1. If each residue of separation counts as 0.36 nm, what is the full-extension length gain between R23 and F66 once their alpha-carbon separation is subtracted?
2. Just to check I understand the Karplus step: with θ = phi - 60° and J = 6.51 cos²θ - 1.76 cosθ + 1.60, what whole-Hz values come out for segment 67-80, glycine and proline as x?
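Derivation of every value follows stated rules applied to the coordinates shown; laboratory data play no part. It should be emphasised that the depicted structure is a prediction, and the values quoted were computed from it without experimental measurement.
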Amino acid sequence: MADATKKTADSAGKSLPASAPVRRTGLVQFFREVWREGVEKVTWPSWKETWLTTVMVFIMVGLMMFFFFFIDYLLAMGERWILGAAG
């Protein structure tokens, strides 16, 4: 009959006992641990940090909008020039 515990080999070829099985907990315990690990350890930004980040996002969106408009315009002009449609 096979050995009841799984064995693994290390780099030297020695067999090692497998790690202990993970203990399962209930659903309530799971959500308590999630709350403790996720929500209680979060450092929430202040209103000023949130406002500044929002403003910076809108500024960057505006800059990217103008950048891509300019690139699109140049590519369209080049396409018209290559096809001879500008006139």
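1. Working: separation 43, 0.36 × 43 = 15.48 nm, distance 5.61 nm.
So the extension gain works out to 9.9 nm.
2. Karplus values, whole Hz, x for Gly and Pro: 4, 5, 4, 5, 5, 4, 4, 4, 5, 5, 4, x, 5, 5.
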